[in-house]
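Only the coordinates and a few stated rules stand behind these numbers; no lab work does. For clarity, every value in this text was computed on a predicted model and none was experimentally measured. Here the Cβ is made from the backbone with ideal geometry for all residues, glycine too, and neighbour counts use every protein chain on show.
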């Protein structure tokens, strides 16, 4: 299974590289309406001129979650001593040994990286199929409306040779739905927020975890607003990207990681506390013998809990009164007293 996971991870990396940096999958050439105001916004410049350039975006969506997860796991080991007494776990035959902390970190961060590449693949596939234009598409396309015969705003142009601008910029302007930066930002923020919510335990204040979660979600929201404000994406592109990234993060955390194993960790804590003697059995409440008339004859009635009257009745059922003696005719001249009941013949 380890080798299969490595092959699957390598496949996602290669596929995301082809979607991002090559022309292996051609983008659908979608038409446009003449004088469409929603596609005539001014060109904001390349991605490097944005207020959130790629050199800031990609470290933000990778370094911040990694640091948060590392700090959370190390603090969990330092606070919870049950992790120190666990044995080594064999991961691949007899050659690879991982302690529980390293195995858990590799599992969480490895799945986080897998989800990042899956988000790139899913967003790139939808962009390739739809070919929706960015708000500044017509500013880059520079169509000749006179040569195209545009006479009204309702006239649709479907010719692939209608644009006269830079082909590379036009190609990038056709990949707006869904917004890939918004999808990556939402995935990273939701994944990290779910980790903080499900794994970290903060005592003494109820506002620490909500404040930390809002701080992790705020960059993603700010990124979405900037994409719309700079005319790089429509609001629907940003919304679709946010839903895509959040859905992938929720699926991986709930269905693959099983909520980071928080339920099993709580059970392990409970077992550890029971072993250490922290959780003690409740002492039974003594009951005087006068209150239990049915067990007056027992000598250990003062150690029977008060919360089990039904069990007491089951253990010591009340004695039923003896039935009256009946006369059973054995012989015509002799009557023998008996405790059974019979009908006369």
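The table for this structure:
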| item | result |
| --- | --- |
| Average Cα contact separation per residue, segment 2-264, under 8 Å, 6 or more apart, as relative contact order % | 27 percent |
| Alpha-carbon centroids, segment 207-242 and segment 9-63: separation in whole Å | 17 Å |
| Cα shape, segment 178-259, gyration tensor, a/c 1.5 rule | oblate |
| Label point at residue 99 placed 7 Å out along Cα→Cβ; residues across segment 48-77 whose backbone nitrogen lies under 13 Å | 74-75, 77 |
| Likely footprinting exposure, 61, 170, 243, fewest C-beta neighbours within 10 Å first | 243, 170, 61 |
| Label-point gap, in nm, between residue 144 and residue 51 - each point 7 angstrom along Cα→Cβ | 3.9 nm |
| Label-point gap, in nm, between residue 164 and residue 17 - each point 7 angstrom along Cα→Cβ | 4.0 nm |
| Computed lengthening from residue 109 to residue 200, 0.36 nm per intervening residue step minus Cα-Cα distance | 31.2 nm |
| Segment residue 256-residue 78, extension gain: residue separation times 0.36 nm, minus the distance between their alpha carbons | 61.5 nm |
| Fewest-first sequence of 69, 79 by Cβ atoms within 10 Å of each Cβ | 79, 69 |
| Per-pair calculated FRET efficiency, R0 = 51 Å: residue 24 and residue 154 via Cβ, rounded to 0.05 | 0.90 |
| Ascending count of other beta-carbon atoms within 10 Å, so fewest first, for 231, 3 | 3, 231 |
| Rotationally averaged projected area of segment 2-264 (alpha carbon convex hull; nm²) | 16.7 nm² |
| Ordering of 252-258, 175-181 by burial proxy (mean other Cβ atoms within 10 Å per residue, highest first) | 175-181, 252-258 |
| Segments 232-238, 30-36 sorted - mean Cβ within 10 Å per residue, highest first | 232-238, 30-36 |
